[in-house]
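*Asks:* Pasting in a structure now, in structure tokens, and then I'll have a few things to ask.
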Amino acid sequence: MTSNIAAIACTALLLTTSGLASAGVVWQSSNCAAPSNAQGARECYSSGSPLPFSVELSGWSASSTGKFSSAKLVGYAEGFGITRSNESGSPQHAIDNNNGTDAILMHFNAEVALNRLATGWAYNDADISILRYTGDQAPVLGASKVSNLLNVPGWELVGNYHTLRTNVALDFNTDGKSAAWWLVSAYNSAYTGIAPT
């Protein structure tokens, strides 16, 4: 099963502390900048009512038996991709399972119900796993492997999704689950053993 996804634009619904929802907010890779203190990461901003919204993105990758480690998040015309050391060229710059499972960790400035992602480029098809983190402390992704991430308190699988195509949006999270931390990963059955739907 091919698991390549190279570009992400995301739509999120901000849940206010009063429980009232604001209108949907769109983040696109073209609205993101590299922060001066984090190589390969991105900060994205979008205006909205009643608050401005922001999200910090970072790239991660885990070998089949190893723990997640920081990877380079690269902005392309189509969106974001991830490169590990010793990777170059197409399709290895995608968020994929070549030489390890690649993922983007998203940290929003408030709890959001992330409900849409769009692919800007896909090689054959794109199969992804989406997780959220609701723990009291910031997640330490580098302490976990793909196979044990869901054993860490706070991590929850939102779903596995398959056969995304280039320039196609995926609507998900119809239950409106919210979190400040979201992980969008190339699909890997080691998360749960469940096939994508």
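The values are calculated or read from the model by the stated rules, or taken from the named source; none is laboratory data. These numbers come from a predicted model, not from an experiment. These accessible areas exclude ligands, DNA and RNA; they are computed on the full protein's heavy atoms, side chains included. Shrake-Rupley method; radii C 1.70, N 1.55, O 1.52, S 1.80 Å.
*Asks:* Accessible area of Y76, 1.4 Å probe, to the nearest 10 Å²?
*Replies:* About 80 Å², rounded to the nearest 10.
*Asks:* Once ligands and nucleic acids are excluded and a 1.4 Å probe is used, how much of F80 is accessible, expressed in Å² to the nearest 10?
*Replies:* Answer for F80: close to 10 Å² accessible.
*Asks:* Continuing with this model, one more query. Sort T101, T163 by accessible area with a 1.4 Å probe, largest first.
*Replies:* Details: T101 5, T163 55 Å².
In descending accessible area the options line up as T163, T101.
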